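Asks: Dropping a structure here in structure tokens format, bear with me for questions.
The values are calculated or read from the model by the stated rules, or taken from the named source; none is laboratory data. In this text, all values refer to a predicted model and were calculated from it rather than measured experimentally. Backbone-built Cβ (ideal geometry, glycine too); neighbour counts: all protein chains shown. Remember, those area values only see protein heavy atoms, side chains included, never the ligands or the DNA or RNA. Shrake-Rupley method; radii C 1.70, N 1.55, O 1.52, S 1.80 Å.
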Amino acid sequence: MCGIVGYIGGQEASPIIIEGLRKLEYRGYDSAGICTLNGGAPQIRRAEGKLINLEKILTTTPALGTRGIGHTRWATHGRPSEINAHPHKADGIVVVHNGIIENYLKLKEQLVEAGHQFSSETDTEIIAHLIDEHYRRCGDFEEAVRSALRQVKGAYAVAIVCQQEPDKLIAAKFGSPLVVGQGQGEYLVASDIPAMLSHTREMIFLEDGEVAVFTPEKMWVTDLQGTLLEKQSKTITWSPLMAEKGGFKHFMLKEIYEQPRALADTMAGRLQLDEGDVFLEDLNLTAEDLAGLDKIFVIACGTSWHAGLVGKFYLEKLARIPVEIDIASEFRYRDPIVAANSLTVLISQSGETADTLAALREAKSKGGKTLCICNVVDSSIARESDAVIYTHAGPEIGVASTKAFTTQLVALYLLALKLGRVRGQLSAAGCQQKITDLLTLPRKVEEVLELDGSIENIAKNYMNARDFLYLGRGNQYPIALEGALKLKEISYIHAEGYPAGEMKHGPIALIDENLPVVVLVPQNATYDKVVSNMQEVCARGGIVIAITSGTDERLRQQVSALIQVPELDDDLMPILTSIPIQLLAYHVAVLKGTDVDQPRNLAKSVTVE
Ligand code: M6R
């Protein structure tokens, strides 16, 4: 996730901005840049890689001035490179931006027609040119920013300077966070509080659609129409570490709570509701390629493999293509039969997992086409695959994968919808219905997050269990596997995921009054079957924690604990039921006092075989 820092006041801006950006390093980034104003042309310095590379450039060619904006970029549109690093400039307008502009292609076409020339592959550069276009017409920096932002669709947090009006810095937000820090004779603006804590603890939180204008002495906030708004500052008492985690106790919890935003970002710009279709920007495969496929392999490790198991349901149901799923370390050594008209889908949060990378190379060497679903732009797997669907989860820092998993499910669903349409298996109307359901997902995830307190109470009751069993059927079976993996990883409690119907073939012998059994039982075609499996547990004195939708009073009376999620299309239900299993594992681990973000023996990215 990108970071923004801006400064206007009486001190040299560049050291303050660099210090702020360093405090945002934990968010992950692949390039960095800065722009200061010192009476002449904007002084822009940018570098690929870590902040140290930018600092080296600043040592030889300093950027002077008491106003400036800086940025650390986590690539979404365009690979990580100096040319794509922010700030972006159009004439005298210079912009840094977090978020994703959904209508950037349309805006770019209009701007190119008006004579603008672009030098990067980013959506951000469009904002600079759009403001410049308005500035040429109205000659007023503030008005130009507001007019431009009224045309932009998507999520943004921006900080902007203008060579012709150097005593003003403007910041605005919609859907991406932005906070203002109020100092003595100076103002700072940043995407996150830690960037400013060493300067001030007085913060003003901007809301969506607000535009803040700063001079060193004063600041005012308007809406996008220019109406002045009243804002109050708040004093922040967090420690620097708490601030990095956005006030959450752990990165894992922060990332669980980021899911509504991460899911929305992964859909952004890709859903074509009117046409009943899906647009996947880096899908370098023609409609003919997609229509001609007769088999899909899905390959991944760990949590990403669980996402693949759900993906098999999506692809077979919506696109009617046979799917074979493999764990990467198995695929690479089993001499698989990969035909030329097959597609191998690699799933990896990091894009660097050694086994998945080797499996990709194995599939390529056998002649099939490859596509990866990945969270890190330009990672090894993304670079080597023929096509990519990026999940826009933002950097995941907690070792236990949460938001990467649910965004992978959305990416797989988008792929299945696309293939369903291309192959004539899904009508435009059918796809419109699926998109309509998908659009409700972030809100429903928010509703499930509200159950956090009651899930913590359930965790208190069962935290001392020695083992846990997770049961699910159909597309909930992978969620049972994922629930067990999450619990194992961070609480070190032994747990197993099992297909509910398979329990009677062995694991039933484990059931007694000490074994909590988490049963995933949403209202769907197999509801009654899973309830029967659950009753087999109850009949043997087992403890049942049910995760369900609907309001079946019979169920409520039989179980020891019940977590009720909202109703949703059954295809998307695995995304919703993932949230309680993440929160349950998290709270059990916290109660047991383990190192939640960096559990023993585990690494975030497994780059060895
Ligand atoms: O980066 P990847 O998605 O390729 O990583 C795969 C696994 O190593 C990863 O999902 C691992 O299982 C996580 N720790 C799960 O929480």
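Asks: Please compute the modelled spin-label separation between Glu25 and Arg320, points set 7 Å along Cα→Cβ, answer in nm with one decimal.
Replies: So the label points at Arg320 and Glu25 sit 5.5 nm apart.
Asks: Given an 8 Å cut-off on Cα distances and at least 6 residues of separation, report the relative contact order of the chain as a percent.
Replies: Relative contact order of the chain: 11 percent.
Asks: Ordered by residue, what ³J(HN,Hα) values in Hz, to whole numbers, does region 340-356 give under the Karplus form 6.51 cos²θ - 1.76 cosθ + 1.60, where θ = phi - 60° and Gly and Pro are x?
Replies: Going residue by residue, I get 4, 8, 10, 10, 9, 9, 9, 10, 7, 4, 6, x, 10, 4, 4, 5, 5 Hz, with x marking Gly and Pro.
Asks: So, R0 is 25 Å and r is the distance between the beta-carbons of Ala429 and Lys295; what FRET efficiency does that work out to, to 0.05?
Replies: FRET efficiency, Ala429 to Lys295: 0.35.
Asks: Further question: Taking the Cα centre of the chain as origin and charging only Cβ (+1 Lys, Arg; -1 Asp, Glu), how large is the dipole, in debye to the nearest 20?
Replies: Roughly 660 debye, rounded to the nearest 20.
Asks: Under a Cβ-only charge scheme (Lys and Arg +1, Asp and Glu -1), can you give me the dipole magnitude of region 344-455 about the Cα centre, in debye to the nearest 20?
Replies: 640
Asks: What FRET efficiency comes out for the pair Thr551/Phe248, r = Cβ-Cβ distance, R0 = 45 Å, nearest 0.05?
Replies: Working from the Cβ atoms, E equals 0.90.
Asks: Ok, one more. By accessible area of protein heavy atoms, probe 1.4 Å, what ranking do Arg137, Arg556 get, highest first?
Replies: Arg137, Arg556
Asks: Same structure, new question: Calculated FRET efficiency, Glu456 and Ser560, Cβ-Cβ r, R0 25 Å, to nearest 0.05?
Replies: 0.95
Asks: Starting from the Cα-Cα distance between Ser119 and Ser365, subtract it from 0.36 nm times their residue separation and give me the gain in nm to one decimal.
Replies: Gain on stretching Ser119 to Ser365: 85.0 nm.
Asks: Additional query: Can you sort Cys538, Cys374 by 1.4 Å-probe accessible area, starting with the largest?
Replies: I get Cys538, Cys374, largest accessible area first.
Asks: Also, I was wondering about something else. For a 23 Å ceiling on Cα separation, which of these pairs sit above it: Lys460/Lys529; Lys50/Lys234; Lys106/Lys173; Lys23/Lys50?
Replies: Check vs 23 Å cut-off fails for Lys460/Lys529; Lys50/Lys234.
Asks: Please figure out what share of the DSSP beta bridges in the chain is antiparallel and state it in percent, rounded to the nearest 5.
Replies: Of those bridges, close to 60 percent are antiparallel.
Asks: How about region 97-181: which GluC sites (Glu not before Pro) there are in a DSSP loop, with at most 15 other Cβ atoms within 10 Å of their Cβ?
Replies: Glu121
Asks: Using a probe of 1.4 angstrom, how much of the accessible area of the chain is carbon and sulfur, in percent?
Replies: In the chain, the share of accessible area belonging to carbon and sulfur is 49 percent.
Asks: May I ask you to compute the full-extension gain from Val112 to Glu536, defined as 0.36 nm times their residue separation minus their alpha-carbon distance, rounded to one decimal in nm?
Replies: Full-extension gain reported as 146.0 nm.
Asks: What Rg and what Dmax come out for the chain when only alpha-carbon atoms are used, in angstroms?
Replies: Gyration radius and largest Cα-Cα distance of the chain: 25.3, 80 Å.
Asks: May I ask you to list the aspartates and glutamates whose Cα is less than 14 Å away from that of Lys89, ignoring any residue fewer than eight positions away on the same chain?
Replies: Leaving aside aspartates and glutamates fewer than 8 places away in the same chain, those within reach of Lys89 are Glu121, Asp123, Glu125, Asp132, Glu133.
Asks: Can you compute the helix-only [θ] at 222 nm over the chain? Use -39500 (n - 2.57) per DSSP H run of at least 4 residues, normalise by all residues, nearest 500 deg cm²/dmol.
Replies: -11000 deg cm²/dmol
Asks: For Gly497, which sequence-distant residues (separation of 5 or more, or a different chain) have an amide H within less than 5 Å of its own amide H, given hydrogens modelled in the peptide plane?
Replies: Tyr470
Asks: Oh, and also: With a sphere of radius 13 Å drawn around the Cβ of Leu224, what net charge do the other residues whose Cβ falls strictly inside it have (Lys, Arg +1; Asp, Glu -1)?
Replies: -2
Asks: For Ile563, enumerate residues with amide H under 5 Å from its amide H, sequence gap 5+ or separate chain, H modeled in the peptide plane.
Replies: Ala546, Ile547, Thr548
Asks: As I understand it, the dipole of the chain uses +1 on the Cβ of Lys and Arg and -1 on the Cβ of Asp and Glu, about the Cα centre. Which of Gly472, Gln259, Ala416 lies farthest toward its positive end?
Replies: The one lying farthest along the dipole's positive direction is Gly472.
Asks: Shifting gears a bit: With every protein chain kept in place and ligands, DNA and RNA left out, what is the accessible area per residue of the chain? Probe 1.4 Å, answer in Å².
Replies: On a per-residue basis, the chain sits at 37 Å².
Asks: Run the numbers for Glu330 and Ile52: contour at 0.36 nm per residue of separation, minus the present Cα-Cα distance, in nm.
Replies: Separation in residues times 0.36 nm, less the Cα-Cα distance, equals 96.1 nm.
Asks: Could you sort 460-473, 344-357 so that the peptide with the highest average Cβ count within 10 Å comes first and the rest follow in order?
Replies: 344-357, 460-473
Asks: Hey, another quick one. Which cross-chain or sequence-distant (5 or more) residues have an amide H under 5 Å from the amide H of Glu324, H modelled 1.01 Å from N in plane?
Replies: For Glu324, whose amide H was placed from the backbone, the distant partners under 5 Å are Ile296, Phe297, Val298.
Asks: Mind grabbing the accessible area of Cys301 for me, 1.4 Å probe, Å², rounded to tens?
Replies: Counting only protein heavy atoms, the figure is 40 Å².
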